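Okay, structure first, notes after.
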Amino acid sequence: MKESSRKQGAASPCAACKLLRRRCAQDCVFSPYFPADEPQKFANVHRVFGASNVNKMLQELPIHQRGDAVSSMVYEANARVRDPVYGCVGAISSLQQQIDVLQAQLALAQAEVVHLRVRHSTNFQGHGLCPDSPSSSGSPSSKQVSPQDNKGMFNHMDIVDEASLGESMWSC
């Protein structure tokens, strides 16, 4: 009997109808989003949200928004299967912690670069290698930092604006 229905052009049921063990109607709300070859996709969504709730959500949405809604439900369901307590929030929290660590590392690296530039420019000035130094112009961007002023400058995680140091460091 299955062979005769396939010969007449009937497609295999979608993953949702297969899991729910029901006949897949031609106007099945699940079939465009849960193809038969991706059974785990619907299984996770069904486990987390329930088929009835998913059906209601999809029917309440305009057709052009249903694909995005299914993508969101699949993502959340997969996250809940991996982490039943926190779901997506756990993944977001983990990524936020990684961002915080990387931002701190970036700030330290930027401070070290500025420190090395300042040391490099003061070494050149101390040896008379920059006779046309613009440090006497009085503008804030051309003010040079002496090694004595520099002692406590990098003890904190302050980010020094590199633009404020300007081209004066590299004008030699």
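The values are calculated or read from the model by the stated rules, or taken from the named source; none is laboratory data. Only a predicted model underlies this, so the values are computations on that prediction, with no experimental measurement involved. Note that each Cβ is placed from the backbone with ideal geometry, even for glycine, and that neighbours are counted across all protein chains shown. In case anyone asks, the SASA skips ligands and DNA or RNA and just uses the protein heavy atoms, side chains included. Shrake-Rupley method; radii C 1.70, N 1.55, O 1.52, S 1.80 Å.
Taking 7 Å along the Cα-to-C-beta vector as the label spot, tell me the ARG23-GLN105 distance in nanometres, rounded to one decimal.
For ARG23 paired with GLN105, the spin-label model returns 6.0 nm.
Would you check the accessible area of TYR33, probe 1.4 Å, heavy atoms only, in square angstrom rounded to 10?
40
Suppose accessible area is computed on protein heavy atoms with a 1.4 Å probe; arrange ARG66, ARG23, ARG117, ARG47 from highest to lowest. Show your work: numbers first, answer last.
Values: ARG66 40, ARG23 195, ARG117 75, ARG47 150 Å².
Per-residue accessible area, sorted high to low, gives ARG23, ARG47, ARG117, ARG66.
Please work out how much accessible surface GLU112 shows to a 1.4 Å probe, ignoring ligands, DNA and RNA, in Å² rounded to 10.
Spelled out: GLU112, probe radius 1.4 Å, area about 110 Å².
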